[in-house]
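Have a look at the structure below before the remarks.
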């Protein structure tokens, strides 16, 4: 299966919604994506296409770090792949591409709330996230520093307001 990854375009909005609803079985993640983008807190939104159809999506949104002014930090998520297309490397390709683009753009730090077995392969670490205080603290919160400033960061982290609006 050939997959092409590119930035989200306006024409992809409904397809992105369908991917998230199908992947999670609920509209919550699709609504989260909509709210983050409507509020202007999206940093990077990528889609994976197969035969010109959107089959997966990843979103990175802005994080505010209260103790580390000037730090460029993002949250990875949500990430969704259409059911039936799991374990084909599509999610991994999206994560790799997203991290490469963010690093090239000068992003310092990425946090993710997810399965450590999946995200550790990209360099994320639950131990590295222990220096942060977020609403999502615990073993599934992981951090990846992309710069020296990211490695030195610590303290309170605020997610985009959309995260608190979704139940």
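Read-outs throughout are calculated quantities, based only on the coordinates presented, and are distinct from any laboratory measurement. Keep in mind that this is a model prediction, so the values were computed, not measured. Here Cβ is always computed from backbone atoms with ideal geometry, including for glycine, and neighbour counts include all displayed protein chains.
Would you work out if segment 1-63 is rounded, prolate or oblate? Take a ≥ b ≥ c from the square roots of the eigenvalues of the alpha-carbon gyration tensor; rounded if a/c is under 1.5, else prolate when a/b is larger than b/c, oblate otherwise.
Oblate shape, in that a/c is at least 1.5 and b/c is the bigger or equal ratio.
What is the spin-label model distance, in nm, from residue 133 to residue 97 if the labels are put 7 Å beyond Cα along the C-beta direction?
Simple spin-label model gives 3.9 nm for this pair.
Could you work out how far helix 13-24 tilts from the main Cα principal axis of the chain, as a 0 to 90 degree angle to the nearest 10?
80
Using Cα atoms only, what is the angle between the long axis of helix 90-104 and the major principal axis of the chain, expressed in degrees (0 to 90) to the nearest 10?
Tilt of helix 90-104: around 50 degrees.
Helix 28-38 versus the longest principal axis of the chain: what is the Cα-based angle in degrees, 0 to 90, to the nearest 10?
On a 0 to 90 degree scale, this one is about 70.
Going by how many other Cβ atoms sit within 10 Å of their own, how do 147, 65 line up, fewest first?
147, 65
Fully extended, how many nm does the chain gain between residue 9 and residue 165 (0.36 nm per residue separation, minus their Cα-Cα distance)?
53.7 nm
Read through the labelled values [x] 25, 17, 15; [y] 23, 21, 16; [z] 31, 20, 14 and report the label of the one computed as semi-axes √(5λ) of the Cα gyration tensor in Å from the structure.
Label of the calculated value: [x].
For residue 24 and residue 105, what does the FRET efficiency come to when R0 = 30 Å and r is the distance between their Cβ atoms, rounded to the nearest 0.05?
So, using R0 = 30 Å, E works out to roughly 0.60.
Given 0.36 nm per residue, what is the gain on full extension from residue 149 to residue 49 after removing their alpha carbon distance, in nm?
32.6 nm
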